[in-house]
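Let me begin by presenting the structure, written as structure tokens, before commenting on it.
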Amino acid sequence: TLVGAAAEALRLTFREEDVLARIGGDEFVGLAVLGRGHDEQLDREAITARLQAAVATKHAELGEDYCFSLSFGDLVTDWDELGRIDELLARSDQLMYEAKRAHRRAHRQTIERRRRQQVAGEARGRL
């Protein structure tokens with residue numbers, strides 16, 4: 001299933017010491033304890049790269065018959081904020097929805113560009 005593929009992609013992404021949970025339907029949360037200071041950005045980038053690679057692998061395994069993708073929001077917080085998990089999840093959700101909107105805009109632009117190229121090619125073919 002697609003939810004199972006998403007869970008597997010997340011298992012491939014996060015480390016054994018990280019916390020990964022399904023919070024309902026097709027929603028998951030991962031909690032990674034990152035390094036300190038400038039290392040946090042490197043850790044965050046590594047997690048994002050692993051997630052993108054895992055999603056690409058699962059997409060290839062499922063084939064073109066399935067539209068498999070994952071949207072995510074990530075944020076860095078400190079230990080004090082972990083007590084306000086509902087707020088953190090809401091902030092992360094907001095970031096995820098912003099990423100989804102950006103992805104949809106880029107996808108629509110790609111489709112529109114391809115349509116314009118197709119129309120231009122057809123027009124040249126009629127000349």
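Of everything in the range 48-78 that is of a type in the set (S, T, Y) and within 12 Å of the chain's Cα centre (by Cα), the residue that is modelled with the highest pLDDT is T48. Looking at R116, R44, just one residue is more than 22 Å from V3 (Cβ to Cβ) and surrounded by fewer than 13 Cβ atoms within 10 Å (Cβ to Cβ), and that residue is R116.
Within the range 55-87, can you find the residues that are closer than 20 Å to I23 by Cα and among the aliphatic types (A, V, I, L, M)? Scanning the range 55-87 gives V55, L70, L75, V76, L82, I85.
Which condition number does E64 fail, the rest of (1) open to solvent by 80 Å² or more (accessible area, probe 1.4 Å); (2) touching a helix residue (DSSP H, G or I) at 6+ places or on another chain (Cβ under 6 Å) being met? Every condition holds for E64 apart from (2). Filtered by the rule that a residue be open to solvent by less than 50 Å² (accessible area, probe 1.4 Å) and within 16 Å of A9 (Cα to Cα), the range 30-41 gives G30, A32. Among the candidates E81, E87, the residue that is surrounded by 10 or more Cβ atoms within 10 Å (Cβ to Cβ), under 17 Å from E27 (Cα atoms), over 17 Å from the mean Cα position of the chain (by Cα) and without any contact (Cβ under 8 Å) to a residue 24 or more places away in the chain is uniquely E87. State which residue is farthest from T57 (Cα to Cα) when the search covers only the range 1-27 and only residues that are open to solvent by 90 Å² or more (accessible area, probe 1.4 Å) and basic (K, R). Among those residues, the one meeting the criterion is R22.
The values are calculated or read from the model by the stated rules, or taken from the named source; none is laboratory data. This is a predicted model, so every value here is computed, not measured. Note: ideal-geometry Cβ built from the backbone for every residue, glycine included; neighbour counts use all protein chains shown. Areas reflect the complete protein model, heavy atoms only, side chains present, ligands, DNA and RNA absent. Shrake-Rupley method; radii C 1.70, N 1.55, O 1.52, S 1.80 Å.
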